[in-house]
């Protein structure tokens, strides 16, 4: 196990004292000079998780540390060493899943005990088995049917024989105009404002209340429509929520809004599959190409990016109209096509999915998408 000390407050007496104590017990203690160096250092030392001891004299840095630990939860466990903190802050640290705290006045033995408790969970296999497979649906423009596709693929995955045993959920991150529950005839129950206002209240009981349960077995997290200021949704609040998602489910489908926010990139960075949705028109293909390029810049190396062209027209002999043009503009990309389906309106009006009715032209298209995502998850098992 590799242990580091974060020396961003290298000049402080606390950092010097803690480093001296820890180095007496851990001779090969590593040093990370600055918060900005964490990503580079973690990526350079191999796949096994590390422990980072972070002495802080400025307790106002706690929000920043929670943010960092959330982003690097799969690579590291952080131990905050500081003066006394409030009970609510301590609960927030624990709920982040990648943090613990000890007093600056505590003995070195207490820090070593925290490190020791992490040993059973710091192996590759242990970390990997707990991480869900995340499929993000990213629209290239408004009105391309991103929510419909995401829901249909999520439900198809839940009812398919191979993927049925996986604990599966759908998360709608459109907090202003969500209509996912309208499609499924469910009541939206996610109260994101409660998490923003009082993140310390987010426990398992409250989290369970936020889920809407679909007849297929899919759990749906979607908020009622509102005119809330989306700029108030900070990464810390969203990370607490998504952190509980990651520990509760094996398979997660995330429906992203067309507008990119401060939390869009972290969501894409933590996704295993990114499905970029759009239309097979000249403007639509240009928008798709730009969105794919933007997603490629921020995705993790192992993530798969694919393109879903929605509402495509079928030729007289069963082919896809203007397919050659799509192949030319999006050369080298994994393409999926969802055919225009006259039955879609009836399904929307009755709150049913193609996977449940097993009718309509697009049933096989959604099944192919679900199979593609499930194959990726199965390879990660």
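Search the range 95-121 for residues being touching a strand residue (DSSP E or B) at 6+ places or on another chain (Cβ under 7 Å) and modelled with pLDDT under 80, and hand back the single one that is nearest to residue 25 (Cα to Cα). Break it down stepwise before answering.
At the first step, the residues of the range 95-121 found to be touching a strand residue (DSSP E or B) at 6+ places or on another chain (Cβ under 7 Å) are 98-102, 104, 110-111, 114-115, 118.
Narrowing further to those that are modelled with pLDDT under 80: 98, 118.
Details: 98: 23, 118: 17 Å.
Only one residue tops the list, namely 118.
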*What number of residues in the range 208-240 are part of a helix (DSSP H, G or I), touching a residue at least 12 places away in the same chain (Cβ under 8 Å) and closer than 21 Å to residue 155 by Cα?*
1
_Top-ranked residue in the range 348-381 [being assigned to a helix (DSSP H, G or I) and without any contact (Cβ under 8 Å) to a residue 24 or more places away in the chain; ranked as farthest from residue 133 (Cα to Cα)]_ = 349
*For the range 306-323, state whether one or more residues are more than 24 Å from residue 148 (Cβ to Cβ), surrounded by fewer than 16 Cβ atoms within 10 Å (Cβ to Cβ), in contact with a strand residue (DSSP E or B) (Cβ under 8 Å, 6 or more places away or on another chain) and assigned by TED's automatic domain parsing to the domain that holds residue 217.*
no
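Just checking, does the range 270-277 include any residue being at pLDDT 95 or above, in a strand (DSSP E or B) and over 16 Å from the mean Cα position of the chain (by Cα)? Working first, answer last.
Step one: filter the range 270-277 for residues at pLDDT 95 or above, giving 271-277.
Checking the rest, the ones that are also in a strand (DSSP E or B) come to 273-277.
From the residues that got through so far, the ones that are over 16 Å from the mean Cα position of the chain (by Cα) too are 277.
Within the range 270-277, one or more residues are at pLDDT 95 or above, in a strand (DSSP E or B) and over 16 Å from the mean Cα position of the chain (by Cα).
The values are calculated or read from the model by the stated rules, or taken from the named source; none is laboratory data. All values reported here derive from a predicted model rather than from experimental measurement. Here the Cβ is made from the backbone with ideal geometry for all residues, glycine too, and neighbour counts use every protein chain on show.
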